[in-house]
Structure formats: structure tokens, C-alpha cells
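One structure is given here, and the rest of the page talks about it.
The values are calculated or read from the model by the stated rules, or taken from the named source; none is laboratory data. The structure displayed is predicted, hence computed values, not measured ones. Cβ placement follows ideal geometry from the backbone for every residue including glycine, while neighbour counts extend to all protein chains displayed.
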Amino acid sequence: MIFFSGKEKTENLLDQAMGFMEKGQFKTAIPLFKKTLKQDPKNITALCNMGLALNQLKKYNDAITCFDKATEINPKYVAAINNRGIALAELGNTSDALEYYNRAIEIDPKYAAAHYNKGVLYDKMLQHQEAIQSLDNALKCDSGNVNTAFYRGIVLGKMKKHEEALNCFEN
């Protein structure tokens, strides 16, 4: 018979939850994150990933609660700050979403995801020049990100800069 200490059991639950996240099984992952948090209420990884799962299920307010709890534990946890911005943007709160993306960038100027999300939000607000600037900043932080380059091409196409846009799709 194998016995696990509480910490090992918590890690096992978290590993299982992350496995379900990777498979896109967000509803299945959430109860495992909750069990993890019952054993370890300050497990920032479980909090942030449960927030991501809730975001995927369009439960944005619940996701925001998770991200807020994570930033109570670590006020400079950029992933939680950035993901709170995503949830706010999905709720249509663009000004607060921008504020959270900017906060994440202020903490870690090389955090490409926040630059990317800021660019996507600017594009949705039809502020294409600002979108390009943010996407360029994301590419400076993570030059090999094909999704960012592709999205940059889409925005350039909307700006009628077709040749520049095509270059984004070719590279």
C-alpha cells in the first residue's frame, strides 16, 4: 500500500488538473483545482489555472475572483494580472482590461502575452495603429511567436497595408 503526504497529494491533484487543462477538459479540471485549494489555499498555480479554466467556460466573474486571490498572495504575479485583463475584456470592460495589461507590462516589460492581448484589444477597438505597436512590442519580447506575427498581418490587412501583411504570413 502506498501512502502520500498532504503535499504529494496536492501536487498529484494539481498535475491531474493540469492534464485536463491540456486536453481542453476545463469542467473536469475545476473540481481538482478546488480540491488542491482546499488543501493549499495559497497555491497560486491552482488559483491562476482555475481562473484560466473558468475563462474558457465564459465564467469571467468567477475567473476574476481567482485572479484577484492570486494577486493578493503575490501582487506582482503577471500571469494573473494579464489574465484578469482578458476576463475584463471579455466582459466588455475595455478600459479596465487595458489598465491590467499595462500593469502587467509595467511589472515585466518583456511579458509578451500582455503586449499581445493589448494589441488584440486595440484591434477590437478599431485602433489599428496602437494594435500594431503593441503587437510589435510582443514580437520584440518573443520574436518566434507565429500567432503574434499572424495577427499582426491581419491588422495590417485591415489597414490596407497588404504587402506588409503578406510578409507577416510568409515569415
TODO: Quick one: Ala149 ticks every box in (1) within 23 Å of Asn93 (Cβ to Cβ); (2) assigned to a helix (DSSP H, G or I) except a single one, so which number is it?
DONE: (1)
- [ ] Confirm whether Pro41 is farther than 27 Å from His115 by Cα and not in a helix (DSSP H, G or I).
- [x] yes
Open item on the list: Condition first: within 22 Å of Leu135 (Cβ to Cβ), of a type outside the set (Lys, Arg) and modelled with pLDDT of 95 or more. Can you find one or more residues in the stretch 55-63 that meet it?
Closed with: yes
Open item on the list: Within the stretch 72-123, take every residue that is of a type outside the set (D, E, K, R) and outside any helix (DSSP H, G or I) and give me the one that is surrounded by the fewest Cβ atoms within 10 Å (Cβ to Cβ).
Closed with: Gly92
